[in-house]
1. In segment 122-178, what count of residues is obtained for those that are crowded, with 19+ Cβ neighbours inside 10 Å, farther than 27 Å from residue 83 by Cα and more than 28 Å from the chain's Cα centre (by Cα)?
2. How many residues, within segment 272-288, are in a helix (DSSP H, G or I) and loosely packed, with under 12 Cβ neighbours inside 10 Å?
3. What number goes with the only condition from (1) assigned to a helix (DSSP H, G or I); (2) surrounded by fewer than 16 Cβ atoms within 10 Å (Cβ to Cβ); (3) at pLDDT 80 or above; (4) within 25 Å of the chain's Cα centre (by Cα) that residue 312 does not pass?
4. Do you know which residues across segment 360-381 are in contact with a strand residue (DSSP E or B) (Cβ under 8 Å, 6 or more places away or on another chain), closer than 16 Å to residue 185 by Cβ and part of a helix (DSSP H, G or I)?
5. Of the residues that make up segment 120-129, is at least one in the same structural domain as residue 54 (by TED's automatic domain parsing), more than 22 Å from residue 275 (Cβ to Cβ), out of contact with any helix residue (DSSP H, G or I) (no Cβ under 8 Å at 6 or more places or on another chain) and not in a helix (DSSP H, G or I)?
6. From the residues in segment 246-256 that are crowded, with 16+ Cβ neighbours inside 10 Å and assigned to a helix (DSSP H, G or I), which one is modelled with the lowest pLDDT?
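The values are calculated or read from the model by the stated rules, or taken from the named source; none is laboratory data. If you're wondering where the values come from, they're calculated on a predicted model, not measured in any experiment. Positions of Cβ are generated from backbone atoms using ideal geometry, with glycine treated the same way; all protein chains shown enter the neighbour counts.
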């Protein structure tokens, strides 16, 4: 696989690996009760506390609207006894809240948001209690968990990547008319692209140089297919002669990973449920609930968009790869058969945009929106590089 095709695949692979590291799966309660509460057994202070309520009964169960008080009973285990924990949010935020009904066989994800940041803000053992009626009987269900301090890696991630990116995005949204998330992401992308303009341009020129010498490299693979050591030696000689490196174009892509991952966690549950404590002092007055997540009136960037955006982003990815790959010259093998490498490159040229489109369709639209905006900027850079002489 050529280096030009390696970058998008590397992006997807590393994103998924990091997502697995930071996004631990919920631990299921091993029970067949009428109602099952599903959550992590350990949660990190400052992160959203979420609880999935599964209705396995044949009755409709109701989560009563307790706003401005926390939705379910919360208790903390202190000195051998359970102590009630309560917190009230601004009553003005309760205007649109109502009871939640869960039909038989359905489930509901409860996010404690601001209640959680204030109730579960110290290390220790906690439990959430849900009282409901099943038929004519009142039953009680609970889930116990521990709140732990953030690890060194998580604190490094928050302070070096997540908080700066989040605060920059909030600042941009603050000065935008209508406080629109979409325009904030566009200008965040432009700022990042301008900062990386030099490294990106150098990387694109390196890609073009690699494309120029690719036929020579392919010929070497055929000539020395039975001698890996000689193949490696002569390949290095060609790289040195033309002053190129196959990894030189990967650094700008690697720099963007933290941005993409941070943006994913910014919009995963909506900007309104992000702990305001991560805001810098100068932005404490920004009301996160006033941010408009809908771009151009029809794309909610905090939700998954499975049609329009994936097609658009996939199309942009195809165009960028088309401009990057250009025409690959065919080299025949020693026995006269066509070299399969150009055919593989051609297949990847079509397969990778589909892969990116599927990836976009599986995440909040803001992540794909950032990737599409970044790709559009990259297309302009690629056109300039293609017209230049190397």
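1. Counting residues in segment 122-178 that are crowded, with 19+ Cβ neighbours inside 10 Å, farther than 27 Å from residue 83 by Cα and more than 28 Å from the chain's Cα centre (by Cα) gives 0.
2. Selection size over segment 272-288: 3.
3. (2)
4. Step one: of segment 360-381, the residues in contact with a strand residue (DSSP E or B) (Cβ under 8 Å, 6 or more places away or on another chain) are 361-365, 369.
From the residues that got through so far, the ones that are closer than 16 Å to residue 185 by Cβ too are 363-365, 369.
Across segment 360-381, the qualifying residues are 365, 369.
5. Within segment 120-129 (the criterion being in the same structural domain as residue 54 (by TED's automatic domain parsing), more than 22 Å from residue 275 (Cβ to Cβ), out of contact with any helix residue (DSSP H, G or I) (no Cβ under 8 Å at 6 or more places or on another chain) and not in a helix (DSSP H, G or I)), the answer is yes, since at least one residue qualifies.
6. The selected residue is 252.
Results for (1) without any contact (Cβ under 8 Å) to a residue 60 or more places away in the chain; (2) over 25 Å from residue 118 (Cβ atoms); (3) assigned to a loop (DSSP other than H, G, I, E, B), shown as yes or no for each residue.
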{"residue": "146", "(1), (2), (3)": "no, no, no"}
{"residue": "155", "(1), (2), (3)": "yes, no, no"}
{"residue": "189", "(1), (2), (3)": "no, yes, no"}
{"residue": "193", "(1), (2), (3)": "no, yes, no"}
{"residue": "209", "(1), (2), (3)": "no, yes, no"}
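A quick yes/no check of all residues on (1) over 30 Å from residue 291 (Cβ atoms); (2) in a helix (DSSP H, G or I); (3) free of Cβ contacts under 8 Å to residues at least 24 places away in the same chain:
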residue	(1), (2), (3)
213	yes, yes, no
216	yes, yes, yes
233	yes, yes, yes
244	yes, no, no
